[in-house]
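In what follows, a structure is listed as structure tokens, so that the remarks can point back to it.
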Amino acid sequence: EAEVAQSPRYKITEKSQAVAFWCDPISGHATLYWYRQILGQGPELLVQFQDESVVDDSQLPKDRFSAERLKGVDSTLKIQPAELGDSAMYLCASSPDRSQETQYFGPGTRLLVL
Amino acid sequence: RKEVEQDPGPFNVPEGATVAFNCTYSNSASQSFFWYRQDCRKEPKLLMSVYSSGNEDGRFTAQLNRASQYISLLIRDSKLSDSATYLCVVHTGGFKTIFGAGTRLFVKA
């Protein structure tokens, strides 16, 4: 069964450092999502791509976060500089198209900022 | 008011019990509705879609009430393995996805 891949699985960093997360969606999935999930809360959408284009980044803190999907396949989410409040699980998901009938999630990257 | 609100948890039930979760949404233009399951420290996984006519998958039944803007999930004959967080998900117009905060369920022997 095809899966969404994410790396690293865990990341510990100090505040003010830069961190980057990588996601490889299920092959052929045009839509890719990055979510942030704080413990005890539901996932919050940070950015949504359709192929290589951003279709929604309204909740992305653009002063420190950036995301790209240059070839419309895998994607990178970057935080620079990291802050204590960024500690969370970062989830990547993909779906075949924007109708979003089902989103398939990767295992996530758990970030701890010290 | 949050766009998607769920019953506060946790729900603690014995094996074999029937438990129901509700979820309300604020955007009347919302188009699609889902329940996802999330195990501790794992990623969310689709449990079932929610259709206007209601749908059933084994011990799980989901219903949608558009007039009152809520969806529900009913679990019959609860199993220990049902212990998880259940996330209500709403897709609004414009392809926006909103997750609820989740309801935690603990099923005890």
Within the stretch A:1-48, considering residues that are β-branched (Val, Ile, Thr) and in a loop (DSSP other than H, G, I, E, B), the one farthest from A:SER87 (Cα to Cα): A:ILE26
Subset of the stretch A:24-46 [hydrophobic (A, V, I, L, M, F, W, C) and touching a Lys or Arg at 6+ places or on another chain (Cβ under 9 Å)]: A:ALA30, A:LEU32, A:LEU45, A:LEU46
Residue ID - nearest to the other protein chains (Cβ to nearest Cβ), chosen from residues in the stretch B:58-96 that are exposed (fewer than 15 other Cβ atoms within 10 Å of the Cβ) and at pLDDT below 95: B:GLY94
Checking A:TYR35 against (1) of a type in the set (Phe, Trp, Tyr); (2) surrounded by fewer than 15 Cβ atoms within 10 Å (Cβ to Cβ); (3) in contact with an Asp or Glu (Cβ under 8 Å, 6 or more places away or on another chain), the condition it does not meet: (2)
Scope the stretch A:60-77; condition of a type outside the set (A, V, I, L, M, F, W, C), surrounded by 15 or more Cβ atoms within 10 Å (Cβ to Cβ) and within 21 Å of B:GLU43 (Cα to Cα); matching residues: A:ASP74, A:SER75
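Report yes if A:LEU91 is surrounded by 15 or more Cβ atoms within 10 Å (Cβ to Cβ), in contact (Cβ under 8 Å) with a residue 40 or more places away in the chain and more than 14 Å from chain B (Cβ to nearest Cβ), otherwise no.
For A:LEU91, the condition - surrounded by 15 or more Cβ atoms within 10 Å (Cβ to Cβ), in contact (Cβ under 8 Å) with a residue 40 or more places away in the chain and more than 14 Å from chain B (Cβ to nearest Cβ) - is not met.
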Residue that is farthest from the chain's Cα centre (by Cα), among those in the stretch B:97-109 that are surrounded by fewer than 20 Cβ atoms within 10 Å (Cβ to Cβ) and away from chain A (no Cβ under 14 Å): B:ALA109
Any hit, the stretch A:64-84, residues being within 14 Å of another protein chain (Cβ to nearest Cβ), under 20 Å from A:GLN6 (Cβ atoms) and modelled with pLDDT of 95 or more: no
Qualifying residue in the stretch A:29-45 (condition: free of Cβ contacts under 8 Å to residues at least 24 places away in the same chain, closer than 19 Å to A:GLY106 by Cα and within 13 Å of the chain's Cα centre (by Cα)): yes
Any hit, the stretch A:52-63, residues being out of contact with any strand residue (DSSP E or B) (no Cβ under 9 Å at 6 or more places or on another chain), of a type in the set (S, T, N, Q) and in a strand (DSSP E or B): yes
Pair list, Cβ < 8 Å and 6+ apart or interchain, from the stretch B:41-57 residues that are in a strand (DSSP E or B) to residues that are at pLDDT 90 or above and β-branched (Val, Ile, Thr): B:VAL50/B:ILE71; B:ASN55/B:THR61
Qualifying residue in the stretch B:28-35 (condition: exposed (fewer than 12 other Cβ atoms within 10 Å of the Cβ), at positive phi, out of contact with any Cys (no Cβ under 6 Å at 6 or more places or on another chain) and outside any strand (DSSP E or B)): no
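The values are calculated or read from the model by the stated rules, or taken from the named source; none is laboratory data. Please read these numbers as outputs of a predicted model, since none were measured by experiment. Cβ sites come from the backbone with ideal geometry, for glycine too, and all protein chains shown count toward neighbours.
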